[in-house]
1. Counting helices only, and only those DSSP H runs with n ≥ 4, report the 222 nm mean residue ellipticity of the chain as the sum of -39,500 (n - 2.57) divided by its residues, in deg cm²/dmol to the nearest 500.
2. Given a 1.4 angstrom probe, what's the average accessible area per residue across the chain, in square angstrom?
3. First check a/c for the range 65-105, with a ≥ b ≥ c the square roots of the eigenvalues of its C-alpha gyration tensor; if it is under 1.5, answer rounded, and if not, answer prolate when a/b is larger than b/c or oblate otherwise.
4. For Glu2 and Asn108 in one chain, what is 0.36 nm times their gap in residues minus the Cα-Cα distance, to one decimal in nm?
5. If I compute solvent accessible area with a 1.4 Å probe over the protein chains, what percent of it on the chain is carbon and sulfur?
6. Given the C-alpha atoms of the chain, compute the convex hull and give its volume per residue in Å³.
Amino acid sequence: EELADGKTIMRVISNRPADESREGGARRLLMVRDVAAPKDVVLDRIGDFAAYPRMVKGCDACHVYKREGRPDGTEEVRCEYRIHALHLKFRYFMSHQIDPEAGCVVWNLDYERESDLDDSVGYWCTT
């Protein structure tokens, strides 16, 4: 119902017991948004990493430092992100696997570089 109304669904999932302090533990963020646009347009926007500071609130910079096409039509793109949330600033490095035929982008930290985040994994999928 929320998606049909054009709303974004966002849920924070925590593995901490309710009686535990806010310190420590891990949290997951789940976001879903239904976008009425062709798959190629959505993938084009997701892959426009240089535009993230204009398109994504809290993103101060996104710099591509590696781009490698593969014979199967997929592409790996590695980016350095600089973001802020309230008074906190973070720098981290992501590896994105882009599969235009499947309509998916899968990402995880670039574990060859040191990031301010412990981990980040996720995916975008179009239908």
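The values are calculated or read from the model by the stated rules, or taken from the named source; none is laboratory data. All figures in this text were calculated on a predicted structure; none of them were measured in a lab. Surface areas here come from the heavy atoms of the whole protein model, side chains and all, with no ligands, DNA or RNA. Shrake-Rupley method; radii C 1.70, N 1.55, O 1.52, S 1.80 Å.
1. Using -39500 (n - 2.57) per qualifying helix, the result is -2000 deg cm²/dmol.
2. Values: 9490 Å² over 127 residues.
With the other protein chains kept in place, the chain gives 75 Å² per residue.
3. Details: a/c = 6.45, a/b = 2.44, b/c = 2.65.
Taking the square roots of the gyration eigenvalues as a ≥ b ≥ c, the range 65-105 is oblate.
4. Values: separation 106, 0.36 × 106 = 38.16 nm, distance 2.81 nm.
Taking Glu2 through Asn108 to full extension adds about 35.3 nm, to one decimal.
5. Details: 4880 of 9490 Å².
In the chain, the share of accessible area belonging to carbon and sulfur is 51 percent.
6. Values: hull volume 18.3 nm³, N = 127.
It is 144 Å³ per residue.
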